[in-house]
Amino acid sequence: MAAEEDARILEALFAVIEERRGGDAQTSYTARLFEEGRGKIARKLGEEAVEVVVAALSEPGRIASESADLLYHLLVLWADAGLGPTEVWAELGRRQGISGIAEKAARGSGGRPEQGSG
């Protein structure tokens, strides 16, 4: 697959996720997540994040598969929050060329406790 096609996969998946909103929760897992609400979506995202970590530590062959699950659930969360990939890409673009340490210092705690960085 060409790099340009690779870059569009998330946008295409996001479009499908948006189409499934309000769909039949009996036949669509995505529709069911929307129906169950942001709490359920966030919990699933957390579960998938843990599965990526577990795979990284014990089953590296599963990292790609688990990462795909994580990205899917992240996109569902974005859609539920009314946020699209464009806004996230813009934020990443804004940060491009800025040291991660400097960027973190510039935004401060944002009302959240500071966490250690990797």
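The values are calculated or read from the model by the stated rules, or taken from the named source; none is laboratory data. Small disclaimer: the values here were computed from a predicted structure and weren't measured. A quick note on method: Cβ atoms are made from the backbone with ideal geometry, for glycine too, and the neighbour counts reach across all protein chains shown.
Quick notes on this structure:
- Residues in the stretch 1-32 that are in a helix (DSSP H, G or I) and among the acidic types (Asp, Glu) were compared, and the one that is surrounded by the most Cβ atoms within 10 Å (Cβ to Cβ) is Glu18.
- When Leu83 is tested against the conditions (1) under 12 Å from the mean Cα position of the chain (by Cα); (2) of a type in the set (A, V, I, L, M, F, W, C); (3) assigned to a helix (DSSP H, G or I), the lone failure is (3).
- Selection count, the stretch 33-42, where residues are surrounded by 13 or more Cβ atoms within 10 Å (Cβ to Cβ) and free of Cβ contacts under 8 Å to residues at least 40 places away in the same chain: 5
- Residue selected from the stretch 28-68 under the condition within 18 Å of Leu13 (Cβ to Cβ) and among the hydroxyl-bearing types (Ser, Thr, Tyr), by the criterion nearest to the chain's Cα centre (by Cα): Ser67
- Residue check, Trp78 exposed (fewer than 14 other Cβ atoms within 10 Å of the Cβ), under 13 Å from Leu10 (Cβ atoms) and of a type in the set (A, V, I, L, M, F, W, C): no
- Note on the stretch 49-80: residues that are in a helix (DSSP H, G or I), without any contact (Cβ under 8 Å) to a residue 24 or more places away in the chain and not basic (Lys, Arg) total 19.
- Residue pairs meeting the criteria (Cβ under 7 Å; at least 6 apart or on separate chains; first assigned to a helix (DSSP H, G or I), in the stretch 87-116; second at pLDDT below 70 and surrounded by 10 or more Cβ atoms within 10 Å (Cβ to Cβ)): Arg95/Glu103
- For the stretch 96-116, a residue qualifies if it is at pLDDT below 65 and surrounded by 10 or more Cβ atoms within 10 Å (Cβ to Cβ), and exactly one does: Glu114.
- The set of residues in the stretch 43-61 being more than 17 Å from Trp78 (Cα to Cα) and surrounded by 15 or more Cβ atoms within 10 Å (Cβ to Cβ) consists of Glu51, Val52, Ala55.
- The lone exception for Lys44 - which of (1) at pLDDT below 95; (2) part of a helix (DSSP H, G or I) it fails: (1)
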